Amino acid sequence: MRTNKILILFAHPLYEKSHAHKALIKHMPKTENIKFHDLYELYPEFNINIKYEQELLQEYDIIIWQHPMYWYSCPPILKQWIDMVLEYNWAYGSKGDALRNKLIFQVITTGGKKENYNATGTDRYTIQDLLQPFNQTAQVCKMIYLPPYVVHGTHLMQEKDYQTSGKDYGIFLSELLNMEVPINQILKYDYLNDWCQNELKTYGN
Amino acid sequence: METNFLFESILYLGAAVLFVPIAKKVGLSSILGYLFAGIMIGPSVLGLIGQDGEDIMHFAEFGVVMMLFLIGLELDPYKFWKMRKFIAGMGSLQVIGTTILLFFGLQLFLGWNWQVALIIAMALALSSTAIVLQTLKEKGQSNSALGRSSFAVLLFQDIAVIPILAVIPLLVSEVSGGGDLELNGSLISELSGWLQTLVVVVVITSIYFSGRYVLVPLLRIVAKTRLQELFTASALLVVVGVSYLMQLVGLSPALGAFMAGVVLANSEFRHELESDIAPFKGLLLGLFFIGVGASINFNLIIENPLFILLFVLALTVLKFLVLFAVGLIYKKKVDQNLQFSIGLSQAGEFGFVILSFSMGLQIVPNDLANQVLAVVALSMLITPFLTLINEKYILPNVGVKEKAEDSADEIHEQNEVIIAGFGHFGSTIGRLLRANKIDVTVLDHDADRVELLRKMGFKVYYGDATRVELLKSAGAEEAKLFIAAIDNPAVNLKLIEVIRKNFPNVKILARARNRIDAYELIDHGVENFYRETLYTAIHMGVDALVQLGFRKYTATRQGQQFIRYDEETTKRLAKKRHDKMAYMVTVQEEVELQEELLKQDLHLQLGGNDHSWDSEYLKKDVNNRNFK
């Protein structure tokens, strides 16, 4: 069985007050094959160490951008990270092959409900529409962009709901560690969670 | 005279240095070591010191005075008030109960006249503050429930000495019809009773007010001179002065010192005073115990061994029983009560005082008084043994021994962060922390600043932060973070050494003036150091770049990069520095370092391989390809 190495790039400017992300992080499997990389904690002055970040990326097979959804996008440090780390002729460009064929996806929390994210809902666009810039960035960097893992409706959750979603996330990650990722199968889904629900036996119980 | 003094010092110090470690080695308390040292050099064994043993003791009794001063310092008026029930209740029960029983016992069995019996009963009812507190301290039980009740009783006894000494002359007038006695040089003995009382009240009040409004400001002035020895001198002056004053009006110097201590307990100098007086107290107490040992008149004991030994035994048992009963009334657990009652079962140094006082008044015949003195000394000698027996053989059989409990009812007032040095640097840190609702403990040696900070509600300790005792009382053992922000780099470094050695668990954040300081800190294994010349200088450099036309964000990024680079080189060069010849003079060293740095900088291209947001770079590359 192969083992994947997973790098979680986490961006939350006020993590100490987050319930959803605390629960998600709490249930991450503790293994050396998952690296939790807390960007706001590492670079409070947005002075990202490009070289270090690039070396790190090369060590891992699966990259996760984990963050809350703010104004239909990511918190600013993640954009800073993208701007600085994904350099021309390293991540993209004629000589930029460093990230080729790595898997990348987002783990996102939104305060609003899932129903709001469609053409007739208050948010007017689907999550996938809104994430197009990230999708395209990954594309340019020759990475494989998978559908997002989304926790909706965090404003309406109680503590036990946070814990449930955290537990599910933990199961998903531990499955992901030890599998040949069925990329084509996953790409048929809107959300990674839906794939988990349908394809992972242990998930969602 | 000179040589004589030196020779005597050698005798006392030598005996102490020889016997105390032996006592400790075989697991006895240091008190026994001192007592044996005294017996050995005293007239009964080696005879190296003659009758002057008693003179020494009079001098060394001052150790007891200092001890009470220190106790007073530990007890601010609030805590003192909280203990009042125990002091009045347990203390009076013990003193009155023991005195009455002894009084009747002595009259009944020995047939002494009632005056003599009363005086000796009162003298023997008091326990030895010196032995008990020293023992408690050595066992770390000063703050336990046991320590507090012992202390309450002792304190009541110390207070009781005053009326006892006042009553004794009255007994004389009953015996010899008054006459020509002198109340130990007391100035007020000529006055009538109510006037004496008035004077006493006035003196006590004046100690309180002069402590608050004269002593503290005076200490502040002394503190400003920054002369450690001058402060020590003032501390001694306070104790000696108060004692003298008390003696003048015929009160116990120990009590006066205790009151002075209580008054000063709330001042910012409390810990400084404590650590200044403590060594003197220790030394004098040691001397005192040696004196006790030396004054045991073995000839008297040999002449009438049965009488003396039985007397000691009866006295100890009686005191023990009374104390045990008091303990029962106050619902102490058996194991605690045993420790309490055995601990206080001896006669004490106040017994010496009362007896010699009454000898002076010729109420108690000299022979008898000497015998009783021997009894007192012997009973002090056996307490440490009784305590030992109790701990080894009795306590294990009566239940769980009280662990040096950190009594729960005492509020833990230690903060997690200690800042040493509250000048411009440290105070900025302190303000930032406070603005985030983090309480800090501050150590500083600027008396003005300390006072101001106290008014602002900071917890401030005045004194030299490199002293282990001060650090300990500031809570360095429990603190999480220690911020060393003292102005003087040498002092700061010394402080860090002291902390790393004595409190290895606290994390240190250290201020460094410059690169050289930083190297020293790295050598000492400090990981978190902050150069005051780095960050501000970079800030200014960034602004210089901006003035020259750089965009602010670009200049800021250059500054950030430079800091990171400089921190790395500092760590690298700190190691390299040691490869160089050790005798290099500092100035030369600095020049070489600068040179090394500048050389390193030549290879530095900040952002040289960083093209974030740089479309020029992109364009160039794209065009190149297009031309191909």
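Taking region A:132-165 as the range and being more than 30 Å from A:Leu86 (Cα to Cα) and not charged (D, E, K, R) as the test, the residues that pass are A:Gly153, A:Thr154, A:His155, A:Leu156, A:Met157, A:Gln158, A:Tyr162, A:Gln163, A:Thr164, A:Ser165. For region B:288-300, which positions are surrounded by fewer than 22 Cβ atoms within 10 Å (Cβ to Cβ) and in a helix (DSSP H, G or I)? B:Phe298, B:Asn299, B:Leu300 - these are the residues of region B:288-300 that are surrounded by fewer than 22 Cβ atoms within 10 Å (Cβ to Cβ) and in a helix (DSSP H, G or I).
Applying the condition of being part of a loop (DSSP other than H, G, I, E, B) and touching a residue at least 60 places away in the same chain (Cβ under 8 Å) to region A:150-189 and asking which residue is surrounded by the most Cβ atoms within 10 Å (Cβ to Cβ) yields A:Met157.
Residues that are within 55 Å of the chain's Cα centre (by Cα) and β-branched (Val, Ile, Thr) within region B:539-558 comprise B:Val542, B:Thr556, listed in sequence order.
Of all residues in region B:432-465, those being among the aliphatic types (A, V, I, L, M), loosely packed, with under 14 Cβ neighbours inside 10 Å and in contact (Cβ under 8 Å) with a residue 12 or more places away in the chain number 1. Considering the conditions (1) closer than 30 Å to B:Arg220 by Cα; (2) assigned to a helix (DSSP H, G or I), B:Asn266 is excluded by exactly one of them, (2).
None of B:Leu493, B:Leu534, B:Leu545, B:Leu470 is touching an Asp or Glu at 6+ places or on another chain (Cβ under 7 Å), touching a residue at least 12 places away in the same chain (Cβ under 8 Å) and under 29 Å from B:Ser612 (Cβ atoms) except B:Leu534. Filter region A:88-110 down to the residues that are over 18 Å from A:Ile8 (Cβ atoms) and surrounded by 21 or more Cβ atoms within 10 Å (Cβ to Cβ), then identify the one that is farthest from the other protein chains (Cβ to nearest Cβ). Filtering region A:88-110 for residues that are over 18 Å from A:Ile8 (Cβ atoms) and surrounded by 21 or more Cβ atoms within 10 Å (Cβ to Cβ), the one farthest from the other protein chains (Cβ to nearest Cβ) comes out as A:Thr110.
Condition check ((1) within 13 Å of another protein chain (Cβ to nearest Cβ); (2) modelled with pLDDT of 85 or more; (3) out of contact with any helix residue (DSSP H, G or I) (no Cβ under 9 Å at 6 or more places or on another chain)) across all residues:
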residue: B:Tyr519; (1), (2), (3): no, yes, no
residue: B:Phe529; (1), (2), (3): no, yes, no
residue: B:Leu573; (1), (2), (3): no, no, no
residue: B:Glu590; (1), (2), (3): no, no, no
residue: B:Leu598; (1), (2), (3): no, no, yes
residue: B:Asp601; (1), (2), (3): no, no, no
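Here B:Gly541, B:Gly525 are screened, and the one residue that is in the same structural domain as B:Arg467 (by TED's automatic domain parsing) and either at positive phi or part of a loop (DSSP other than H, G, I, E, B) (or both) is B:Gly525.
Which of (1) in a helix (DSSP H, G or I); (2) closer than 29 Å to A:Gly204 by Cα; (3) more than 14 Å from chain B (Cβ to nearest Cβ) is the odd one out, the single condition A:Leu57 does not satisfy? Here A:Leu57 clears every test but (2).
Against the list (1) touching a strand residue (DSSP E or B) at 6+ places or on another chain (Cβ under 9 Å); (2) away from chain B (no Cβ under 14 Å); (3) outside any strand (DSSP E or B), the condition A:Arg2 fails is (1). Please tell me if A:Glu59 is under 15 Å from A:Ile8 (Cα atoms) and loosely packed, with under 15 Cβ neighbours inside 10 Å. Yes, satisfied. Total residues in region B:466-505 satisfying the condition of being surrounded by 17 or more Cβ atoms within 10 Å (Cβ to Cβ) and charged (D, E, K, R): the figure is 1. Evaluated against (1) within 14 Å of chain B (Cβ to nearest Cβ); (2) free of Cβ contacts under 8 Å to residues at least 40 places away in the same chain; (3) among the hydrophobic types (A, V, I, L, M, F, W, C); (4) surrounded by fewer than 18 Cβ atoms within 10 Å (Cβ to Cβ), A:Val140 falls short on exactly one condition, (2).
Taking into account only those residues within region B:128-148 that are part of a helix (DSSP H, G or I) and hydroxyl-bearing (Ser, Thr, Tyr), which is surrounded by the fewest Cβ atoms within 10 Å (Cβ to Cβ)? Here the answer is B:Thr135.
For region A:32-51, check the following and say yes or no: at least one residue is away from chain B (no Cβ under 14 Å), over 13 Å from A:Ile8 (Cβ atoms) and in a loop (DSSP other than H, G, I, E, B). So far as region A:32-51 goes, yes, one or more of its residues are away from chain B (no Cβ under 14 Å), over 13 Å from A:Ile8 (Cβ atoms) and in a loop (DSSP other than H, G, I, E, B). Residue-level check: of (1) under 30 Å from A:Ala23 (Cβ atoms); (2) surrounded by fewer than 18 Cβ atoms within 10 Å (Cβ to Cβ); (3) within 16 Å of the chain's Cα centre (by Cα); (4) away from chain B (no Cβ under 14 Å), A:Thr122 misses just (3). When we screen B:Asn626, B:Asn609 for residues that are over 30 Å from B:Ile496 (Cβ atoms), part of a helix (DSSP H, G or I) and at pLDDT below 70, the only hit is B:Asn626.
The values are calculated or read from the model by the stated rules, or taken from the named source; none is laboratory data. Treat the numbers as computed from the prediction; the structure is a model and nothing was measured. Every residue, glycine among them, receives a Cβ derived from its backbone with ideal geometry; neighbour counts consider all protein chains shown.
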